[in-house]
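Enquirer: The structure follows.
The values are calculated or read from the model by the stated rules, or taken from the named source; none is laboratory data. Quantities reported herein were computed from a predicted structural model and do not represent experimental measurements. Cβ: placed from backbone, ideal geometry, glycine included. Neighbour counts: every protein chain shown.
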Amino acid sequence: MMDEGTELSLTIAQIVQRLKATHLHSQIERQAKECLHRPEIQLESLKEDVRNFLKASGWERKLQNAVYRELHVQPLPSHPAAPPEHAKEPLAYMRKAQVNWEKRILKSLNSMCTELGVPLARKRPAVEQKELTNKWNEMGTDEPDLSRFRPVYAPKDFLEVLISLRNPNHDSSEEASAKSHWGLIQVPLHDRDIPQMREAYSELSLTTGQLGIDDHTHVPPDLFESEHTRIGKKVVNEQDSAAAQQYSRQGCPTGLRADLWALILNSTNEPEDVMHYEQLKAGVIHHDLLVDNLIYKDVKLTASNDDYYFVFEDFLYQVLLCFSRDTAVLEHFSYNSATPPKSYIQGKVGVEEFAVVYPPNGVIPFHGFSMYVAPLCFLYNEPSKLYSVFREMYVRYFFRLHSVSSSTSGIVSLCLQFERLLQTHLPQLFYHLREIGAQPLRIAFKWMVRAFSGYLSTDQLLLLWDRILGYDSLEIVAVLAAAVFAFRAENLMEVTSLTSAEAVLADLSTLKVMPLIQIFLFATVI
Amino acid sequence: HLSRYAKRSTRVGLSVNTVPCTVKPTVTLQIGDAETDSSRPGVYVIDVTLPIGQTVNIQEISFKNYYTAYVSVRLLRRDGEGAAKWTTCLRNHCLMPSPHTEEGSQDYCSVYRQQMLIEPDNVTSVRLILRQPSSAWLNFSVEDIKIHPCLNEDSEWDIPDWLSDLTQVDQLCDLQGLPDPQTVSSSIQQMWALTEVMQTNQTTASIGRFDVDGCYDINLLSFT
């Protein structure tokens, strides 16, 4: 906690320092220099005139968008006495749990490596490099023998870790009390109740137009849809990141969604982005990583088996293999509770000059990871653009779904939020499910870890992700999970086992997410 | 009154820009007999004293929170005649917005001069009154308490107050609507610190190479 003036100055200083390193900075400098030739730039009012020029030519807007992006990903300026690990995760017991979880993953990866006799990374021989370059656009046709590889972990393994999280300073004596929590998550994180959410998600209220509800075929388009689309086109023309984010709260029209999401994420496809992607591709060609096999296996097991996504198999390899080589992703570890795995090359263990991160982006994929990318394939067909959008979504949101942290958008908070909503508003259902050994989180966890990708139909999923971007939070995922249980409550009250409960909730492909969320938040009697 | 506290002191803090001081062991405030009562206390008092004879003009009090919900701060100040008086300078400052839940529970905090109700000058002792109304926690406290003096005085050597009694202290001239020199100098300090940060740090653009001299052959991950 610092006083506001200092906090603001520090934030500004940090943002300026980061933006100085970007291509945008040199572009604006060049523009400012070149505009000096223009007749409207007068010497007496040089500063004002240059600024007006940059504003009129759209460069100020680009800078605004870049600053807005930095505000999204910057950790809050921390207290001078706080060590860097505190910015990653303030609670000591959560840091410890994350470290222990990471050790398990590393051990698992190391043992897979030794058992199979496959190195974690090796340089590809020239012949293999040539082969891969030729096959780049059709890697899906390859049928390598992946039977020996197994995913490093599955969401249910991670769930067990979260269930066992305990705050050593928390009084968890067994007396029943008003604050007894029936669910599996036993850490006292803050959660929001429905009245607070009604305020926070006011754009989703019953009286506000929504895509996903008011664009239904029975609703005349001039009641909402036409006007909303008109505003959307304006937002895209203005190229305003902040406006796009606000707009997205009511949903993005299908034709504008790709541009709007790219704008919200400040994801550009300039020549330097394409070049960066080509550099990553070169990294894939030159070095073969063990995690590549994990990615292949994951894609084959999940996306390729999915009716909606199997056509994008090749895109998924092109994005995920490059993602593993992208060292720019390492930046996000300053606000991620996780730490990238480390190794030493040439056997020089402990010698820092020979220390490397593995994989280069520090992220070890798990079973279902490719589902974070799959829905985006519907929006972008150019690999470098698809890559750019995915990477930004990962370092803003998806990383929080598979690391242990106290963040309000983190998976621990989402699980707790889900359980609390259920216990407060559907206590009979929760009690019944608990009694039959079907803890609701055991069913809902897999939906939340993937932000519902692969469980909802694609158009519904994209409407959900519109709101994740619009509200800059994953909280809505927990709300939807509770809303799904509320929707199927009647059937669930009849079941007598975990298996039958799972069966009732096995198929979500017919659900319409926005009505469910709206009813749960705004029509629940409190 | 010293018998209220244990004779041994716990810690002496000494580092750059902080004054050496002694943090006394925590005193519990409880109704009833502390030994037989099974409920946990909800109020703790921690006294931080300067070496005898020394005073400080406080710029900042910093500490690390451990599940304390509210903190009040009282200062023992020496006035012009040398008499010492306790005054409250911060009342029920909230460290945890929701005492039953984790938010703010392990944060690094500071209380600044500007937030205080009175001028924290000529202070010989600081008393932190910690409150945690929630029964959810087994324990609560604050750690690493440090007192930061104002920088614009010669704080290399804290002059014992018997010495300063001998010298005349100039009366502060009427400021005539000008900003308080203390606030101006502290904000200048902050701006100077920021410009230092900007100048010394290079840009943080990454080059993108993940190998070391073209080599990226890895066999095992390391655990440390």
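Enquirer: Among (1) within 27 Å of B:Met96 (Cβ to Cβ); (2) touching a Cys at 6+ places or on another chain (Cβ under 8 Å); (3) within 12 Å of chain B (Cβ to nearest Cβ); (4) not acidic (Asp, Glu), which single condition is A:Pro77 missing?
Expert: (2)
Enquirer: Next question, about the same structure. Would you be able to tell me the number of residues in segment A:452-480 that are among the aliphatic types (A, V, I, L, M) and touching a Cys at 6+ places or on another chain (Cβ under 9 Å)? So that I can check it myself, show each step before the final result.
Expert: Initial filter on segment A:452-480 (among the aliphatic types (A, V, I, L, M)): A:456, A:461-464, A:468-469, A:474, A:476-480.
So of that shortlist, the ones also touching a Cys at 6+ places or on another chain (Cβ under 9 Å) come out as A:462-463, A:469, A:478.
Final tally of qualifying residues: 4.
Enquirer: Then there is this: Let me confirm something: among B:Val16, B:Val43, B:Val27, B:Val48, which residue is at pLDDT 90 or above and surrounded by fewer than 18 Cβ atoms within 10 Å (Cβ to Cβ)? Please lay out each step first, then the result.
Expert: Working: B:Val16 fails: at pLDDT 90 or above; B:Val27 fails: at pLDDT 90 or above; B:Val48 fails: surrounded by fewer than 18 Cβ atoms within 10 Å (Cβ to Cβ).
B:Val43 is the lone residue from the list that is at pLDDT 90 or above and surrounded by fewer than 18 Cβ atoms within 10 Å (Cβ to Cβ).
Enquirer: Got a sec? Which of A:Pro125, A:Pro144 is more than 10 Å from every other protein chain (Cβ to nearest Cβ) and modelled with pLDDT of 90 or more? Write out each step before concluding.
Expert: On the way: A:Pro144 fails: modelled with pLDDT of 90 or more.
Answer to the check: A:Pro125.
Enquirer: Which residue out of A:Thr6, A:Thr11 is buried (at least 18 other Cβ atoms within 10 Å of the Cβ), more than 23 Å from the chain's Cα centre (by Cα) and part of a helix (DSSP H, G or I)?
Expert: Matching residue, one of A:Thr6, A:Thr11: A:Thr6.
Enquirer: Residue under question is A:Tyr201, and the condition is that it be more than 25 Å from A:Leu462 (Cα to Cα) and either of a type in the set (A, V, I, L, M, F, W, C) or touching a residue at least 40 places away in the same chain (Cβ under 8 Å) (or both); does it hold? If you could, list the steps in order and put the result at the bottom.
Expert: On the way: more than 25 Å from A:Leu462 (Cα to Cα): no; either of a type in the set (A, V, I, L, M, F, W, C) or touching a residue at least 40 places away in the same chain (Cβ under 8 Å) (or both): yes.
Criteria not met by A:Tyr201.
Enquirer: Evaluate segment A:326-349: report whether one residue or more is closer than 30 Å to A:Glu138 by Cα, touching a Leu at 6+ places or on another chain (Cβ under 7 Å), within 10 Å of another protein chain (Cβ to nearest Cβ) and not in a loop (DSSP other than H, G, I, E, B). Write out each step before concluding.
Expert: Quick first cut of segment A:326-349, residues closer than 30 Å to A:Glu138 by Cα only: A:326-330.
Applying the additional criterion that residues be touching a Leu at 6+ places or on another chain (Cβ under 7 Å) yields A:326.
Add one more test, that the residue is within 10 Å of another protein chain (Cβ to nearest Cβ), and what stays is A:326.
Now restrict to residues that are not in a loop (DSSP other than H, G, I, E, B): none.
Scanning segment A:326-349 turns up no residue that is closer than 30 Å to A:Glu138 by Cα, touching a Leu at 6+ places or on another chain (Cβ under 7 Å), within 10 Å of another protein chain (Cβ to nearest Cβ) and not in a loop (DSSP other than H, G, I, E, B).
Enquirer: May I ask you to list the residues in segment A:87-121 that are in contact with a helix residue (DSSP H, G or I) (Cβ under 8 Å, 6 or more places away or on another chain) and closer than 15 Å to A:Tyr358 by Cβ?
Expert: A:Leu109, A:Met112, A:Cys113, A:Val118, A:Pro119, A:Leu120, A:Ala121
Enquirer: Are there helices (runs of 4 or more DSSP H) fully within segment A:18-129 with at least 1 residues that are of a type outside the set (Lys, Arg) and within 27 Å of the chain's Cα centre (by Cα)? List them.
Expert: Details: elements: A:23-34, A:46-56, A:59-73, A:84-88, A:92-116.
Passing ranges, in order: A:23-34, A:59-73, A:84-88, A:92-116.
Enquirer: Looking at segment A:15-38, I want the residues that are within 19 Å of A:Ser267 (Cβ to Cβ) and within 11 Å of chain B (Cβ to nearest Cβ) and have a partner that is outside any helix (DSSP H, G or I) and among the aliphatic types (A, V, I, L, M) with Cβ atoms under 7 Å, at least 6 apart or on another chain. Which pairs are those?
Expert: Every condition considered, the pairs that remain are A:Ala21/B:Ala205.
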